[in-house]
């Protein structure tokens, strides 16, 4: 879309404002069409291979997770056992056609009983799925699903820099409440982690 914008500015000359409006309309229309193709549903065991592929991409290629070895399918199946179709702890997938392009979770924050009214939320998208509205759809569905549960706070830790994740969480009402400097080490360097929180329930 950047090249399209540049071409409009070159060919439209003095009608640059109109060209920008046309380009914006085209971009927004495309975004709407792509967004309309994205569907969100509860995850099933059949989704675990694709969920694991998405997650392991970030294990190998980014600092967004501090795992440094790809997760095995046995580990993923054990992970899936921590979630249920109802209740506080849920996992949803976003699909485009038959493909899983992302997933989001509300997980137990800490094992001690006093933390049961808090959940830690996470979201991962396939690299080619960014900008399709999948992240927004996932969080809309996730937070709708836990309405009415005995929950008080949603928490999210974001290894920095990650401006897309920060923007998504702020869009859903998360506020940054803490910054841990050099909290994790990966790829031979240390990374800061910002913690965000969102009020839930009463």
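The values are calculated or read from the model by the stated rules, or taken from the named source; none is laboratory data. Treat the numbers as computed from the prediction; the structure is a model and nothing was measured. With ideal geometry, Cβ positions are generated from the backbone for all residues, glycine too; neighbour counts draw on all protein chains shown.
Restricted to the range 182-202, and to residues there that are outside any strand (DSSP E or B) and out of contact with any strand residue (DSSP E or B) (no Cβ under 8 Å at 6 or more places or on another chain), the residue that is nearest to residue 62 (Cα to Cα) is 187.
Taking only the range 96-110 into account, find how many residues are surrounded by fewer than 20 Cβ atoms within 10 Å (Cβ to Cβ) and either at pLDDT 95 or above or in contact with a strand residue (DSSP E or B) (Cβ under 7 Å, 6 or more places away or on another chain) (or both). So the answer is 6.
Determine whether residue 49 is part of a helix (DSSP H, G or I) and either surrounded by 13 or more Cβ atoms within 10 Å (Cβ to Cβ) or at pLDDT 50 or above (or both).
Working: part of a helix (DSSP H, G or I): yes; either surrounded by 13 or more Cβ atoms within 10 Å (Cβ to Cβ) or at pLDDT 50 or above (or both): yes.
So residue 49 passes the test.
Take the residues of the range 148-163 that are outside any strand (DSSP E or B) and in contact (Cβ under 8 Å) with a residue 60 or more places away in the chain: which is surrounded by the fewest Cβ atoms within 10 Å (Cβ to Cβ)? For the range 148-163, the residue satisfying everything is 150.
Taking residue 168, is it in a strand (DSSP E or B) and within 20 Å of residue 64 (Cα to Cα)?
Numbers: in a strand (DSSP E or B): no; within 20 Å of residue 64 (Cα to Cα): yes.
For residue 168, the condition - in a strand (DSSP E or B) and within 20 Å of residue 64 (Cα to Cα) - is not met.
Pick from 179, 116: which is surrounded by 13 or more Cβ atoms within 10 Å (Cβ to Cβ) and in contact with a strand residue (DSSP E or B) (Cβ under 8 Å, 6 or more places away or on another chain)? Testing whether each residue is surrounded by 13 or more Cβ atoms within 10 Å (Cβ to Cβ) and in contact with a strand residue (DSSP E or B) (Cβ under 8 Å, 6 or more places away or on another chain) leaves just 116.
Residue under question is residue 188, and the condition is that it be surrounded by 14 or more Cβ atoms within 10 Å (Cβ to Cβ) and over 29 Å from residue 85 (Cβ atoms); does it hold? Walk me through how you get there before you give the answer.
Details: surrounded by 14 or more Cβ atoms within 10 Å (Cβ to Cβ): no; over 29 Å from residue 85 (Cβ atoms): yes.
It is false that residue 188 is surrounded by 14 or more Cβ atoms within 10 Å (Cβ to Cβ) and over 29 Å from residue 85 (Cβ atoms).
Condition check ((1) assigned to a helix (DSSP H, G or I); (2) within 20 Å of residue 100 (Cα to Cα); (3) modelled with pLDDT under 65; (4) out of contact with any helix residue (DSSP H, G or I) (no Cβ under 7 Å at 6 or more places or on another chain)) across all residues:
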residue: 9; (1), (2), (3), (4): yes, no, yes, no
residue: 16; (1), (2), (3), (4): yes, no, yes, no
residue: 41; (1), (2), (3), (4): no, yes, no, yes
residue: 66; (1), (2), (3), (4): no, no, no, yes
residue: 78; (1), (2), (3), (4): yes, yes, no, yes
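Can we say residue 135 is in contact with a strand residue (DSSP E or B) (Cβ under 8 Å, 6 or more places away or on another chain), modelled with pLDDT of 95 or more and either part of a strand (DSSP E or B) or farther than 28 Å from residue 69 by Cβ (or both)? Before you say what the answer is, go through the steps one by one.
Values: in contact with a strand residue (DSSP E or B) (Cβ under 8 Å, 6 or more places away or on another chain): yes; modelled with pLDDT of 95 or more: yes; either part of a strand (DSSP E or B) or farther than 28 Å from residue 69 by Cβ (or both): no.
Here the answer is no, as residue 135 does not meet what is asked.
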